[in-house]
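Attaching a single structure in structure tokens format; questions to follow.
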Amino acid sequence: MKKIVLLLLSLLMLVNSATVFAKWSDRDIVERIRTVGNTPAAQKKADKIFSERLKEAEAKRARERAEAEQGYRTVSRRPVVAIVYENNAKTKYDNTIDKKLFEYLDAALPVRTYELIDGRDYKAQLAENGIEDIADAERADIVDILAGSGVDYFLYLGINPVQVKDKGSLFAAGKIANTSLPFRIIDINNNKYIYTKTYTESAKTMSAIGGVGSKSVTLEIMTRVGKQIQAAIESRLPKTISYTEQIVRE
């Protein structure tokens, strides 16, 4: 009886694991990004910046006192960023590719700085208007869809099919991978690009003993591009939305 119970529990755990894995690509893009970024290293980094947040709070209180004397105040909030991500790599390890890129997106878009929302509804609206390929869509078409939505910035990242070929010589064997990743950031309120680039990348791995896989050489590309995307976001995407308003005294 005990063996039967243990067997049933094992089967149940197996089914649950398979269900979670199968639904990975269907989950909210924000949830997927934050789940990948929710690592011990990320938590440690968050604890480290707590002192910085205290300093910011003190500076904010000082600014509010000064503004009260002048009769106006500056209102700041987190920018709202809608994300559309399309993985068309068509590999057996697409989920691993997702997770590798999401590490860099999570690092570049910290939850304390940005409010992320899933852009799938806006993608559907673009499709209804006959725009299936977001990478080649006109900026104005995207802005028209998101105007008045409360979204400040639109971020698109795509992966085109990965092509992997065998590469060898007399003394070594390996793989060479090629792909491209279109990346766009649009300022919705000001109808302009903040950043736009298509990363066309290749990587190769050789080994004298063989056994080099397609996965490792592909992830080399994703790591390289992920770092560049993180740097672009951190240097180009504004970290606050600010405006001034008059203080109404009763």
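The values are calculated or read from the model by the stated rules, or taken from the named source; none is laboratory data. Model, not experiment: these values are computed from the prediction. Here the Cβ is made from the backbone with ideal geometry for all residues, glycine too, and neighbour counts use every protein chain on show.
Can you name the residue in region 133-148 that is in a loop (DSSP other than H, G, I, E, B) and without any contact (Cβ under 8 Å) to a residue 40 or more places away in the chain and is also farthest from ASP121 (Cα to Cα) among such residues?
GLU138
Of VAL151, VAL212, which residue is part of a loop (DSSP other than H, G, I, E, B), at pLDDT 95 or above, buried (at least 18 other Cβ atoms within 10 Å of the Cβ) and in contact with a strand residue (DSSP E or B) (Cβ under 6 Å, 6 or more places away or on another chain)?
Answer to the selection: VAL151.
Just the residues that are in a helix (DSSP H, G or I), within 18 Å of GLY158 (Cβ to Cβ), in contact (Cβ under 8 Å) with a residue 40 or more places away in the chain and among the small types (Gly, Ala, Ser), please, taken from region 83-125.
Selection gives ALA108 alone.
Only one of (1) modelled with pLDDT under 95; (2) under 16 Å from ASN189 (Cα atoms); (3) aliphatic (A, V, I, L, M) is not met by ALA172, so which one is it?
Only one criterion is unmet by ALA172, namely (2).
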